[in-house]
1. I want to confirm something. Restricting to region 195-214 and keeping residues that are buried (at least 18 other Cβ atoms within 10 Å of the Cβ) and of a type in the set (A, V, I, L, M, F, W, C), which single residue is farthest from the chain's Cα centre (by Cα)?
2. Considering only residues that are touching a residue at least 60 places away in the same chain (Cβ under 8 Å) and over 14 Å from Lys179 (Cα atoms), which ones fall in region 94-122?
3. Filter region 76-116 down to the residues that are more than 19 Å from Ser41 (Cβ to Cβ) and of a type in the set (A, V, I, L, M) and list them by number.
4. Scan region 172-190 and give yes if some residue there is over 30 Å from Asp249 (Cα atoms) and of a type in the set (Ser, Thr, Tyr), otherwise no.
5. Can we say Ala312 is surrounded by 19 or more Cβ atoms within 10 Å (Cβ to Cβ), of a type outside the set (D, E, K, R) and assigned by TED's automatic domain parsing to the domain that holds Gln227?
6. For the structure I just gave you, tell me whether Asn458 is within 37 Å of the chain's Cα centre (by Cα), surrounded by fewer than 19 Cβ atoms within 10 Å (Cβ to Cβ) and of a type outside the set (Gly, Ala, Ser).
7. In region 263-316, which residues are over 30 Å from Ser220 (Cβ atoms) and either hydroxyl-bearing (Ser, Thr, Tyr) or in contact with a strand residue (DSSP E or B) (Cβ under 6 Å, 6 or more places away or on another chain) (or both)?
Amino acid sequence: MIFPKKKYLVTISISLLLGFLIRCADPLPIRSLSKAKEEISRAKELGADKQAQPEYEEAKKYLLKTHELATAEEPEVEAVKNSADYARNKASDAIEKTLPSIVSKAKEDAGQSIKSAENANAENFASQEFNQAKELLDEGDSASGQAQAQLNSYPNLEDSESKNKARSEAFDTYEVAHKKYLDSIKASKKAKAISLTKTQVLLDSATETEERLPLIDKYSNGTKREQINGVKKELNEGIANVQDGKVKDGQTKIDNAKKSTDEMYSSVVRPYAQNQISTAKDKIQDAGKEINSIDKSKVGEDEELSNSLLNAEDNLKAANESLNSSTEFLDKEKYEDSIEHSKEAIELADKSILISKNIAARLEKKKEKVTHIAGRSDTLEIGEDDKDDEIVYIEPDKKNKAKPKPVKKKKRLRSRTYKVKSKNPTDTLYRLSRKFYGSDKYWKKIYKANKSRIKNPNKIYPNQVLIIPPK
């Protein structure tokens, strides 16, 4: 019970009580006086001294009169009983006038508390506590309705004792309703508190949505700016609502902004990502044609040309791997990652084309030199500008029997490719240097070989395809 009953003893001296009992064969007035005291104390605890002051003061007045009658030299039992019963009835009148309004106020507070929790989106974030609060409110309504029905029916009872009993039971039922409402308030406040702790997830979602807007503006060349500004406004309003505790309203606005952003993002960034993949495919195809156009037999044993050709092939291989990653990201709707890998594939393919064209140009230059010196003596002076060219031995005339010195063949070292992995510990250039060269001091070598795809040597990312040059 919210308002616990206390057993109050009648405040008369023991000697007076004994004397009273000796003179009275019927102890009922003592019980009536005790009940009157109990009911007046209950009315006081409920605040009836303020909300039902006339009734409360009348009850106190007759309680005092009852004491006077009971302490008379020759007390009249019936007069004492009637006075005590009247005091009790007036106290009950004060309670009947006060208790329903207290319960009604508790019901109103419970409803507002549930509404506040609902605004904090507790229905989703703290459903168990929120539903409990609503159930307690319903139970309070049921008890309140029952109490009111009891109050309406007790006057129809015949004897006063039955009336007093039914009236007291109605008060008890009202107190049950009051407790239900207070428990509902506690549950809804708890639900709101839990919900508010989870709003950070919602704010993080708003931040992610906001970060996409500049990308949409970038890839749409400003054609979506008006829509973007509208989304920004709704997003900011949603964030403000969440911060003010109106989480439900805030979530609605943030979700709407996210939906609009996702639609724009898909309609703008996806086509751009698809176009980048198409461009990368064309570049890779061109790179393959350039490499295939090189006459491998003419590269011969020229170490530098051979390594350049291997580098072109490695770049083409890495470009294909980046293209594959780009396609995978597109399928997963990770458009930004897809675009980055397509750009990497394009850069690698361009580098492969550039190297291949350089090889072709150098081979053509050598061909021209060979044609130029045909029929001349077997001695060929090679100047500074020709140091990268292949040395061509001209067959000596029959009179000169000198033979060209054999050239020692050097081992051809190939570069390799490596796809960066996300693991613990994560890949870094230092770790890759130790992995492939046995020491971390060669990290710059890897960085220089991959300058076109590594913007910051301290940051490499999973699925990046790196070239690992020979030591």
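1. Among those residues, the one meeting the criterion is Leu213.
2. Once the filter is applied, which keeps residues that are touching a residue at least 60 places away in the same chain (Cβ under 8 Å) and over 14 Å from Lys179 (Cα atoms), region 94-122 yields Ile95, Glu96, Ser113, Ile114, Ser116, Ala117, Glu118, Asn119, Ala120, Asn121, Ala122.
3. Of everything in region 76-116, those that are more than 19 Å from Ser41 (Cβ to Cβ) and of a type in the set (A, V, I, L, M) turn out to be Val77, Ala79, Val80, Val103, Ala106, Ala110, Ile114.
4. Yes: region 172-190 contains one or more residues that are over 30 Å from Asp249 (Cα atoms) and of a type in the set (Ser, Thr, Tyr).
5. Taking the combined requirement at face value, the residue does not satisfy it.
6. Here the answer is yes, as Asn458 does meet what is asked.
7. Ser293, Ser297, Ser306, Ser308, Asp314
For (1) outside the structural domain of Ala36 (by TED's automatic domain parsing); (2) within 17 Å of Ala106 (Cα to Cα); (3) assigned to a helix (DSSP H, G or I), each residue gets a yes or a no:
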| position | (1), (2), (3) |
| --- | --- |
| Gln150 | no, no, yes |
| Ser153 | no, no, yes |
| Lys165 | no, no, yes |
| Ser168 | no, no, yes |
| Phe171 | no, yes, yes |
| Tyr174 | no, yes, yes |
| Ile185 | no, yes, yes |
| Leu203 | yes, no, yes |
| Leu215 | yes, no, yes |
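The values are calculated or read from the model by the stated rules, or taken from the named source; none is laboratory data. Keep in mind that what you see is a predicted model, and the values were worked out from it rather than measured. Because the Cβ atoms are built from the backbone with ideal geometry, glycine has one as well, and the counts that use them run over all protein chains shown.
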